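The values are calculated or read from the model by the stated rules, or taken from the named source; none is laboratory data. Quick caveat, the model's predicted, so the values are computed rather than measured. Cβ atoms come from the backbone with ideal geometry, glycine included; neighbour counts cover every protein chain shown.
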Amino acid sequence: MHAEPGKIHGTADDEVIVAARNLSKTYRDFWGRSKKVALKPLDLEIRRGEIFGLLGPNGSGKTTTMKLLLGLIFPTSGEALVFGKDATDVSKNERIGYLPEETYLYKFLDAEETLDFYGRLFDMPPEERTRRAEALIAMVGLARDKKRQLKEYSKGMTRRIGIAQALINDPELVLLDEPTSGLDPIGTREMKDLIIDLKKRGKTVIMSSHLLADVEDVCDRIAVLHQGELKELGRVEDLLRVTDVTQIRARGLPPAAVAELRTVLEKHGGAEIEIGNPTTTLEELFLEVVRDTEARPGRRARPTERNA
C-alpha cells in the first residue's frame, strides 16, 4: 500500500494508523558529527486492531522507533505519521497510551492516586477518573493492592499499574516498550494475556521486545530490527513457515498407517488430516537474521514482505 505524502489510507477493516516512510535517526555530537546511527531508513505500516511487534537485540533501534512515533525525538530523514498526523504533532498523543521500558511513577502514591493523577493530565472529570481507575485496577489484577503505596509493589505489580496508567485515557493506540522486562514467568504470562485482551477491546498495540517467545505468542505481525536496520517484516506464521517441507498430521490412525500416503491414511480411517507447511521458531528466524547480517552487512529486508 502506497499512500500520498501526509495521508494515511485504508478501508474500515484495513486502516493504516501508523506509517514510517524513509524514517531514520542519527545521533550527532556537539560539533554535528555523526555519533550513532540508531535507525536506518525504515518503511512500514501498522493497521488498526493488530498487535505489531518490534523485535531485536538491545541497541537495534526499537526504542528509537517508538520515540520517533511519539514525537519525543525528531527524525534525521523521512517522516512518521500517526492517525494521519506528523508524529511531532502533540495533539495526536491524546489518542495514545505509552508504557516506557522503565516505569517512572510516584512511589508514595497508591494505585488509585496514581491513576487519578494521570487522569487529571488529560482533563478528565472526577467521575470519569474514578470510574476509569476502578475498571483499570480490576483489569490489571490490583484490586486487593490498590491502597498500597507503589514503593511496596513488586516489579510485576509496577508493570501492571504502568499498563493501567497507559490506558487511563482509553487510547486507540498503545505503545509498550519491553512490557515483560524483569518479570517472572507468571508475571510474563499475565502481561501477555493483558496485551491480547487489549486487542479484543479494539486497541492497536505496538510492542518492542528482545524476548522472542513473548513476541511469538502475542503479535500478529513483526518487524525484525538489527543494527538499526529492518531485516524482516511480515506475519509471524508466514515468517516461520518452512515452505520447502510438507507436513502431514492425522489423528486416530493405527501405528502401521503413520508412514503411508494421504490416500492410504484415508483408507485406514484417519480423521482431521492436515497437509501444510510446518513452521520454524521465532528464535531460529532471529538467529538466522543475526548470522546473515554478520555475513552480509548490507542486506536489507526482502523487497516484498511476506504478510499476504
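Does the stretch 103-129 hold any residues that are among the aliphatic types (A, V, I, L, M) and in a helix (DSSP H, G or I), and which are they? Even if it seems obvious, please write down each step before you answer.
Here is the first cut: in the stretch 103-129, the ones among the aliphatic types (A, V, I, L, M) are 105, 109, 111, 115, 121, 124.
Of everything in the stretch 103-129, those that are among the aliphatic types (A, V, I, L, M) and in a helix (DSSP H, G or I) turn out to be A111, L115, L121.
Return yes when F122 is out of contact with any strand residue (DSSP E or B) (no Cβ under 8 Å at 6 or more places or on another chain), among the aromatic types (F, W, Y), farther than 23 Å from L54 by Cβ and touching a residue at least 12 places away in the same chain (Cβ under 8 Å) and no when it is not. Write out each step before concluding.
Numbers: out of contact with any strand residue (DSSP E or B) (no Cβ under 8 Å at 6 or more places or on another chain): yes; among the aromatic types (F, W, Y): yes; farther than 23 Å from L54 by Cβ: yes; touching a residue at least 12 places away in the same chain (Cβ under 8 Å): yes.
Considered against the rule, which asks whether it is out of contact with any strand residue (DSSP E or B) (no Cβ under 8 Å at 6 or more places or on another chain), among the aromatic types (F, W, Y), farther than 23 Å from L54 by Cβ and touching a residue at least 12 places away in the same chain (Cβ under 8 Å), F122 comes out as yes.
So how many residues does the stretch 147-171 have that are in a loop (DSSP other than H, G, I, E, B) and surrounded by fewer than 18 Cβ atoms within 10 Å (Cβ to Cβ)? Give the steps one after another, and end with the answer.
Within the stretch 147-171, the first condition is being in a loop (DSSP other than H, G, I, E, B), and the residues that meet it are 147-148, 153-154, 167-171.
Now drop any that are not surrounded by fewer than 18 Cβ atoms within 10 Å (Cβ to Cβ), which leaves 147-148, 154, 170.
Number satisfying all stated conditions: 4.
Could we say that P100 is buried (at least 19 other Cβ atoms within 10 Å of the Cβ) and out of contact with any Cys (no Cβ under 8 Å at 6 or more places or on another chain) here? Talk me through it step by step, then tell me what you get.
Working: buried (at least 19 other Cβ atoms within 10 Å of the Cβ): no; out of contact with any Cys (no Cβ under 8 Å at 6 or more places or on another chain): yes.
For P100, the condition - buried (at least 19 other Cβ atoms within 10 Å of the Cβ) and out of contact with any Cys (no Cβ under 8 Å at 6 or more places or on another chain) - is not met.
Taking helices (runs of 4 or more DSSP H) that do not extend beyond the stretch 222-308, which have at least 1 residues that are modelled with pLDDT of 70 or more and over 23 Å from the mean Cα position of the chain (by Cα)?
Details: elements: 236-240, 262-267, 282-295.
Answer list for the stretch 222-308: 262-267, 282-295.
How many of the residues in the stretch 79-102 are among the polar types (S, T, N, Q) and in a helix (DSSP H, G or I)? Talk me through it step by step, then tell me what you get.
If we filter the stretch 79-102 for residues that are among the polar types (S, T, N, Q), which is where we start, we get 88, 91, 93.
Keeping just the survivors that are in a helix (DSSP H, G or I) gives 91, 93.
Residues in the stretch 79-102 being among the polar types (S, T, N, Q) and in a helix (DSSP H, G or I): 2 in total.
When both residues are 6+ apart or on different chains and their Cβ atoms are under 8 Å apart, which pairs have a first residue that lies in the stretch 89-101 and is more than 13 Å from Q165 (Cβ to Cβ), and a second that is in a helix (DSSP H, G or I)?
From the stretch 89-101, the pairs are N93/L70; E101/T63.
Here are some residues: E102, E113. Which one is over 23 Å from L212 (Cα atoms) and among the acidic types (D, E)? Let's see the steps before the verdict.
On the way: E102 fails: over 23 Å from L212 (Cα atoms).
Within the list E102, E113, the selection yields E113.
Answer yes or no as to whether E101 is modelled with pLDDT under 90 and farther than 19 Å from D220 by Cβ. Show your work before the answer.
Details: modelled with pLDDT under 90: yes; farther than 19 Å from D220 by Cβ: yes.
Judged against the criteria, E101 is a match.
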